[in-house]
1. From the list I243, I226, which one is at pLDDT 95 or above, open to solvent by less than 10 Å² (accessible area, probe 1.4 Å) and within 16 Å of the ligand (Cβ to nearest atom)?
2. Somewhere in segment 171-182, is a residue assigned by TED's automatic domain parsing to the domain that holds V236, touching a residue at least 12 places away in the same chain (Cβ under 8 Å) and open to solvent by less than 10 Å² (accessible area, probe 1.4 Å)?
3. So for segment 191-205 (the condition being crowded, with 17+ Cβ neighbours inside 10 Å and without any contact (Cβ under 8 Å) to a residue 40 or more places away in the chain), does at least one residue qualify?
4. Right, D264: open to solvent by less than 40 Å² (accessible area, probe 1.4 Å), within 16 Å of the ligand (Cβ to nearest atom) and modelled with pLDDT of 95 or more or not?
5. Identify, from the list V95, V73, V78, the residue that is assigned to a loop (DSSP other than H, G, I, E, B), more than 24 Å from C171 (Cβ to Cβ) and within 16 Å of the ligand (Cβ to nearest atom).
6. When you scan segment 7-46, how many residues do you find that are closer than 19 Å to E301 by Cα and in contact with a Gly (Cβ under 9 Å, 6 or more places away or on another chain)?
7. Would you call E135 assigned to a loop (DSSP other than H, G, I, E, B), open to solvent by 20 Å² or more (accessible area, probe 1.4 Å) and either over 14 Å from L115 (Cα atoms) or in contact with a Ser or Thr (Cβ under 6 Å, 6 or more places away or on another chain) (or both)?
Amino acid sequence: MKKRVLVTYNMFRTGYAELIKKYDVTFPPEGRETFTYDEVYEMLPEYDVLQSMFNFPVDRKLMERGLPRLELVSNYAVGFDNIDIPTATELGIAVTNTPGPVTEPTADLAFGLMLAVARRITDVDRRLRIPGALEWTLLANLGYSLGGKTLGILGMGRIGQALARRAKASCMNVIYHNRHRVSPEIEQQYDAKYVEFEELLKTSDFISVNVPYSKDTWHLISKEQIELMKPTAILVNTARGPIVDELALADALNNKRIWGAGLDVFEFGDKVSPEILACDNAVITPHVGTQTYDVRNEMAEFVSRNIINFYEGGPVAFVNKVEKRK
Ligand code: GLV
């Protein structure tokens, strides 16, 4: 019997071509963007694989509902904070993610946000459209150059390193903090210097958050950490919203305690705090780090490959370790 895969969201089918050929794949009906949690809960016992999106909660209740048939949760994202991993492992359900295709586009966006904030691109764009709202002189609308400035990368994984490459090409100095120091070869490749967390906060002109979200990184950047930053600092977050205390950040931006922020993710999901919306010195985007035509398909191919290889052999990007069922 063909394996059955339940996909929680509607996506271009191109990247799924091979999966659709081999397995019985269910997407939400045409015209609907996603299945609701309750719909997935109803349908799940009939499926071997749940293919979840990064904002779809995969909790104990849902995974227990999927048993005894559910054996794989294949997440469409590198982040997997939407999934209760210890429970998946306890229940013998494998979990996979999509590290490959997300790296470069997320680093592109982080770099784009740095540039947009530093050069006030969206700020002047907004005001230029309103008669009289912008002063068109040589000393109005000043921003900061990137060249010669220090970028502090919090989390020197794949995305952090891809950002370091862009920063180096723009003549920035790169420092980083990570749970574990990366190899001397990697440090050399990006001229990146390891520093303690506090030193990074105190000495960086730009700070980019690139750590995974877990209970250990909740509010990693809060009032106390912001207090240590330079008044000209620019904070960029393309990782997960709750890593930054959003209201503390909004307060710092409104009071010009730091110079600006570029945010692709928000503490309360798609409910961006009004305090952040009110900050002209914040450039905000709606979690679009991987939202390009190319990458949406590449991620679909990657999740498909994870599923096919899980059953047929070959490389799989596992995020937990479980005994394969007979
Ligand atoms: C996107 O946010 C991802 O985790 O891939």
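The values are calculated or read from the model by the stated rules, or taken from the named source; none is laboratory data. Small disclaimer: the values here were computed from a predicted structure and weren't measured. Glycine gets a Cβ as well: all are built from the backbone with ideal geometry, and neighbour counts include every protein chain shown. The area values use the complete protein model at the heavy-atom level, side chains included, leaving out ligands, DNA and RNA. Shrake-Rupley method; radii C 1.70, N 1.55, O 1.52, S 1.80 Å.
1. I243
2. Yes; the residues of segment 171-182 include at least one that is assigned by TED's automatic domain parsing to the domain that holds V236, touching a residue at least 12 places away in the same chain (Cβ under 8 Å) and open to solvent by less than 10 Å² (accessible area, probe 1.4 Å).
3. Scanning segment 191-205, I find at least one residue that is crowded, with 17+ Cβ neighbours inside 10 Å and without any contact (Cβ under 8 Å) to a residue 40 or more places away in the chain, so the answer is yes.
4. yes
5. V78
6. Total satisfying the criteria: 1.
7. Judged against the criteria, E135 is a match.
Conditions tested, residue by residue: (1) crowded, with 21+ Cβ neighbours inside 10 Å; (2) within 16 Å of the ligand (Cβ to nearest atom); (3) part of a helix (DSSP H, G or I).
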| position | (1), (2), (3) |
| --- | --- |
| P212 | no, yes, no |
| G289 | yes, yes, no |
| N306 | yes, yes, yes |
| K321 | no, no, no |
